[in-house]
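Data first, discussion second: the structure below is written as structure tokens.
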Amino acid sequence: MENTEYMNRLAPVADNMPNTEPDRQRAYMALLKKYFSELSIKLGRPLTMCTVTFGCQMNARDSEKLSGILKEIGFISTESENADFVIYNTCTVRENANNKVYGHLGVLGNYKKKNPNMMIALCGCMMQEPQVVEKLKESYRFIDIIFGTHNLYKLAELIYNRIETENMVVEVLKDSTEIVEELPVDRKYPFKSGVNIMFGCNNFCSYCIVPYVRGREKSRTPEDIICEIEKLAADGVKEVMLLGQNVNSYGKNLANPVSFAELLKMVEKVEGIERIRFMTSHPKDLSEELIEVMAHSKKICRHFHLPLQSGSDKLLKVMNRHYTKERYLELVDKLKSAMPDISLTTDIIVGFPGETEEDFEETLDVVRKAGFDSAYTFIYSKRTGTPAAVMDNQVDEVVVKNRFDRLLAVVNEISHKLSFRFEGKDMEVLVEGPDDHDDRLLTGRMGNNMLVHFPGDRSLIGQIVNVHLDESKGFYYMGTMI
Ligand code: 5AD
Ligand code: SF4
């Protein structure tokens with residue numbers, strides 16, 4: 001490893017560190033804080049950090065935790081990747097997520113040549129794949145720290161090890177049963193926050209890498225979750241998004257089992273929290289109890305993300321999804337009868353091995369019947385290690401692209417039509433920030449997850465206000481505050 005300003009400045013202390021978490025990490029943070037403050041004085045400038053997040057809401061939340069640790073030890077955040085500390089929090093759910101990371105890394109290497117103080121860390125789902133780590137170790141020697149999804153709370157200790165050993169530090173665990181809490185978090189928004197309620201996934205959908213990289217399902221206790229949400233509320237948070245790969249199976253493996261619906265009722269009681277969202281649901285575990293609790297709730301947002309993946313019973317079976325097209329549509333009916341104003345979104349994969357034109361037509365049929373307000377559509381991506389990757393009937397690329405375009409056209413046509421159903425209505429809106437394109441406007445999010453732009457003062461950011469939806473633009477609205 002190159003010699004940098006960091007080297008040989010920390011005495012080995014690991015033996016004197018607390019053995020329990022989070023005290024151990026706090027001790028490392030205190031050491032590093034002193035260390036980086038001296039370095040900052042020596043350089044005559046503040047030290048900067050940049051956390052780059054790929055992938056899902058879980059990763060976004062993890063990144064807030066990583067930034068929290070870096071802030072605590074003295075870094076200030078910047079948007080530029082030309083920073084003193086850069087972390088890539090990676091995703092590996094589809095191949096192009098991996099390619100994006102390799103693409104960016106070359107740029108980082110060049111920054112590092114000009115800034116010998118720079119540290120580069122990679123973490124997240126992609127690091128859980130041994131072949132990725134091997135490639136990085138071989139071809140990207142300038143990386144300082146590689147860690148995975150099970151030990152991100154250890155960032156301070158890993159930075160310490162990097163400084164002390166002068167070697168690339170690689171620590172990727174296969175799985176863990178420990179959930180470490182109570183470390184600093186640097187929230188992106190003061191008024192809304194994700195809250196992890198569970199980690200990992202037990203479903204093993206045959207195309208999906210997540211159970212391999214995020215490990216087995218582990219639920220946090222309701223006490224810990226509520227305690228975190230109460231603290232967030234005291235800190236000004238109005239909206240929480242409960243996060244898990246399959247929130248509908250929350251709590252089943254706890255010593256004292258609690259259902260997701262019961263958890264929602266507890267969250268509903270937290271004063272100061274005005275909106276509750278959750279992500280992601282699995283149709284196979286969606287209970288009547290949940291629909292009931294949602295329908296009677298004043299705080300749970302009228303938005304349901306229910307991944308369909310495919311409309312073909314044959315493919316759903318091979319995908320290991322445990323529901324049929326009919327069952328899916330029945331759930332949609334139940335949600336809509338209980339909450340007529342609900343907005344429904346989904347995930348769909350095109351080109352899963354063995355998908356025929358008839359299978360694809362079944363998917364289009366569900367899209368037409370269910371009426372999704374929006375859909376995330378994905379081209380099937382072969383993930384090494386999953387059962388689908390070795391299926392011998394992979395679909396031709398040109399056929400898949402054609403189906404993908406056709407699907408997108410139907411999805412867009414339907415969501416465009418549906419968006420007009422809210423035109424002329426008055427909606428409660430959480431003001432999220434100034435409009436990206438027009439300074440005079442604010443952007444707010446409705447309970448149904450749709451956005452509206454309207455004239456207003458920036459002092460309203462973070463408040464819930466009432467907005468009249470003057471005009472639907474198909475995928476968003478223009479409105480006026482009332
Ligand atoms: N190929 C394409 N899409 C995938 N997803 C998960 N794995 C794959 C894959 N191998 C999609 C699913 C899931 C979403 C988060 O990503 O639709 O719901
Ligand atoms: Fe992947 Fe299926 Fe688990 Fe979702 S439920 S993370 S698609 S294995």
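The values are calculated or read from the model by the stated rules, or taken from the named source; none is laboratory data. Here the structure is a predicted model, which means the values were calculated and not measured. Positions of Cβ are backbone-derived with ideal geometry, glycine not excepted, and every protein chain shown enters the neighbour counts. The protein model used for the area step is the full one, side chains on, heavy atoms only, and it has no ligands, DNA or RNA in it. Shrake-Rupley method; radii C 1.70, N 1.55, O 1.52, S 1.80 Å.
For the modelled label position 7 Å from the Cα of His296 along Cα-to-Cβ, which residues of the stretch 226-242 have backbone nitrogen atoms closer than 17 Å?
Once the point is set 7 Å along Cα→Cβ of His296, nothing inside the stretch 226-242 turns out to lie under 17 Å by backbone N.
Determine, from the Cβ-Cβ distance of Met391 and Lys314 and an R0 of 22 Å, the FRET efficiency 1/(1 + (r/R0)^6), rounded to the nearest 0.05.
Details: r = 13 Å, r/R0 = 0.58.
For R0 = 22 Å, the calculated efficiency reads 0.95.
Based on the Cβ-Cβ distance of Asn82 and Glu471, what FRET efficiency does E = 1/(1 + (r/R0)^6) give at R0 = 45 Å, to the nearest 0.05? Please list the in-between numbers first.
Values: r = 42 Å, r/R0 = 0.93.
Using R0 = 45 Å, I get an efficiency of 0.60.
Could you give the accessible area per residue of the stretch 217-365, probe 1.4 Å, as a whole number in Å²? Don't skip to the end; give the middle numbers.
Numbers: 5850 Å² over 149 residues.
Each residue of the stretch 217-365 exposes 39 Å² on average to a 1.4 Å probe.
How much accessible area per residue does the stretch 124-187 have, counting only protein heavy atoms and a probe of 1.4 Å, in square angstrom?
Working: 2650 Å² over 64 residues.
Here the residues of the stretch 124-187 average 41 Å² of exposed surface.
Roughly how many percent of the accessible protein surface of the stretch 348-482 is carbon and sulfur, given a 1.4 Å probe and a whole-percent answer?
Numbers: 3500 of 6710 Å².
Carbon and sulfur atoms account for 52 percent of the accessible area of the stretch 348-482.
Could you work out how far apart the two model spin labels at Phe142 and Glu38 are, taking each label as a point 7 Å from the Cα in the direction of the beta carbon, and quote it in nm?
The modelled label-to-label distance comes out at 2.8 nm.
Which lysines, if any, have their Cα less than 25 Å from the Cα of Lys265, not counting same-chain residues under 8 positions apart?
Leaving aside lysines fewer than 8 places away in the same chain, those within reach of Lys265 are Lys192, Lys218, Lys231, Lys238, Lys252, Lys284, Lys298, Lys299, Lys334, Lys336.
What is the set of long-range amide H partners of His150 at a cut-off below 5 Å, with H atoms built 1.01 Å from backbone N?
So His150 has HN proximity to Leu173.
Extending each Cα 7 Å along its Cβ direction at Glu428 and Leu408, get the distance between those two points in nm, one decimal.
3.6 nm
Let me know the shape class of the chain, please: from the alpha-carbon gyration tensor, a ≥ b ≥ c as square roots of the eigenvalues, rounded when a/c is under 1.5, otherwise prolate if a/b is greater than b/c, or oblate.
On the way: a/c = 1.69, a/b = 1.38, b/c = 1.23.
Cα axes put the chain in the prolate bin.
Once the piece of chain linking Asp175 and Asp439 is laid out straight, how much longer is it, given 0.36 nm per residue of separation minus the C-alpha distance between them? Intermediate values should be presented prior to the final figure.
Details: separation 264, 0.36 × 264 = 95.04 nm, distance 4.67 nm.
So the chain would gain 90.4 nm between Asp175 and Asp439.
Could you tell me the calculated FRET efficiency between Ala255 and Glu230, based on Cβ-Cβ distance and R0 = 22 angstrom, to the nearest 0.05? List each step's numbers first, then the result.
Values: r = 22 Å, r/R0 = 1.00.
Efficiency computed from Cβ-Cβ geometry: 0.50.
At 1.4 Å probe size, with the rest of the protein present, what percent of the exposed accessible area of the stretch 80-188 is carbon and sulfur atoms? Could you put the intermediate results ahead of the total?
Numbers: 2120 of 4400 Å².
For the stretch 80-188, the apolar C and S fraction of the accessible surface comes to 48 percent.
Would you kindly find the accessible area of Thr177, with a 1.4 Å probe and non-protein molecules such as ligands, DNA and RNA excluded, rounding to the nearest 10 Å²?
Counting only protein heavy atoms, the figure is 130 Å².
Can you compute the helix-only [θ] at 222 nm over the chain? Use -39500 (n - 2.57) per DSSP H run of at least 4 residues, normalise by all residues, nearest 500 deg cm²/dmol.
Only helices count here, giving -11500 deg cm²/dmol.
First select every other residue whose beta carbon is under 11 angstrom from the beta carbon of Asn89; then total the charges, Lys and Arg +1, Asp and Glu -1. Don't skip to the answer; put the middle values down first.
On the way: positive: Arg61, Lys65; negative: Asp62, Glu64.
Net of charged neighbours comes to 0.
Kindly sort Tyr153, Tyr376, Tyr35 by accessible area of their heavy atoms, largest first, with the probe set to 1.4 Å. Spell out each step's value before the answer.
Values: Tyr153 35, Tyr376 125, Tyr35 5 Å².
Correct descending sequence by accessible area is Tyr376, Tyr153, Tyr35.
Could you sort Val350, Val172 by their accessible area in this structure, using a 1.4 Å probe and putting the largest first? Before the final figure, lay out each step's value.
Numbers: Val350 0, Val172 55 Å².
In descending accessible area the options line up as Val172, Val350.
By how many nm would the segment from Lys401 to Lys334 lengthen if fully extended, with 0.36 nm per residue of separation less the alpha-carbon distance? Mind showing how you got there, number by number?
Working: separation 67, 0.36 × 67 = 24.12 nm, distance 3.33 nm.
That pair, Lys401 and Lys334, stretches by 20.8 nm at full extension.
For His150, His104, what's the largest-to-smallest order of accessible area, 1.4 Å probe? Each step should come with its number before you reach the end.
On the way: His150 15, His104 60 Å².
Putting His150, His104 in descending order of accessible area: His104, His150.
Given a 1.4 Å probe and the protein chains all in place, what does the accessible area of Lys382 round to, in Å² to the nearest 10?
Spelled out: Lys382, probe radius 1.4 Å, area about 110 Å².
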